[in-house]
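Peer 1: The following block contains the structure, expressed as structure tokens.
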Amino acid sequence: MDWCIKDSALDGGQNDDTERGSAVVEFTFLAVLLMVPLVYFIITVGQIQGGSFAVVGAADQAAKVFVAQADPESGRIAAEQAVMLALADHGHPAANAHMETVCQPADCSAAGSAVTVTVHLSVPLPFVPFNDSLGLTVSELSGSATQIVGRFR
């Protein structure tokens, strides 16, 4: 009689095998339910971090290229090309960015003037279909760099 009590105590009082394997299904369901948002969050944070590296590098290169040119118009064109190249290196389309240039004093080609280039970038949500029409962005990033126009060119 003692052995019957032990068997039913181990069995939970049931001799039914319908619950067999349900722990694997529950674990898989919960793992997918919890891991998909976590992986998406990590990818999104990576996009933001890559965008921040892109705007800082683009602004720095654009400011350096701007002051190396002979006149402000060719400086702006060269700076815009440098921004597009730096953003493309980081995998961001140039359509999501724009550049602003400010010279202090107003004459950008005068020796000693400070040229500040600011690059703004909209980072879209990753893996969102129709994101062009929806315009969903996860972050607006900006980076700026200042270079002094040298005396000798």
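Rundown of residues vs (1) farther than 24 Å from Ser133 by Cα; (2) loosely packed, with under 11 Cβ neighbours inside 10 Å, yes/no style:
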{"position": "Leu30", "(1), (2)": "yes, yes"}
{"position": "Met35", "(1), (2)": "yes, yes"}
{"position": "Ile42", "(1), (2)": "yes, yes"}
{"position": "Asp71", "(1), (2)": "yes, yes"}
{"position": "Ala88", "(1), (2)": "no, no"}
{"position": "Ala95", "(1), (2)": "no, yes"}
{"position": "Gln104", "(1), (2)": "yes, no"}
{"position": "Asp107", "(1), (2)": "yes, no"}
{"position": "Ala111", "(1), (2)": "yes, no"}
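Peer 1: Suppose we keep only residues that are open to solvent by 70 Å² or more (accessible area, probe 1.4 Å) and more than 13 Å from Thr118 (Cα to Cα) within the range 73-83. Which one would you say is nearest to the chain's Cα centre (by Cα)? Can you show your working first?
Peer 2: From the range 73-83, those open to solvent by 70 Å² or more (accessible area, probe 1.4 Å) are 73, 76-77, 80-81; that's our starting set.
Imposing the further condition that a residue be more than 13 Å from Thr118 (Cα to Cα) reduces the set to 73, 77, 81.
On the way: Glu73: 31, Ile77: 26, Gln81: 21 Å.
The selected residue is Gln81.
Peer 1: Right, another one. What are the residue pairs meeting all of these: first residue in the range 96-124, first residue on the phi > 0 side of the Ramachandran plot and assigned to a loop (DSSP other than H, G, I, E, B), second residue open to solvent by less than 20 Å² (accessible area, probe 1.4 Å) and not small (Gly, Ala, Ser), Cβ atoms under 8 Å, and 6 or more apart or on different chains?
Peer 2: Gly112/Val149
Peer 1: So which residues in the range 133-153 are open to solvent by less than 70 Å² (accessible area, probe 1.4 Å), over 22 Å from Ala70 (Cα atoms) and not in a strand (DSSP E or B), if there are any at all?
Peer 2: First pass over the range 133-153, keeping only residues open to solvent by less than 70 Å² (accessible area, probe 1.4 Å): 135, 137-139, 141, 143, 145, 147, 149-150.
From what is left, the residues that are over 22 Å from Ala70 (Cα atoms) are 135, 137-139, 141, 143.
Of everything in the range 133-153, just one residue is open to solvent by less than 70 Å² (accessible area, probe 1.4 Å), over 22 Å from Ala70 (Cα atoms) and not in a strand (DSSP E or B), namely Gly135.
The values are calculated or read from the model by the stated rules, or taken from the named source; none is laboratory data. What you are looking at is a predicted structure, and each value in this text was computed from that prediction instead of being measured. Backbone-built Cβ (ideal geometry, glycine too); neighbour counts: all protein chains shown. Accessible surface is based on the protein model in full, side chains and every heavy atom, while ligands, DNA and RNA are left aside. Shrake-Rupley method; radii C 1.70, N 1.55, O 1.52, S 1.80 Å.
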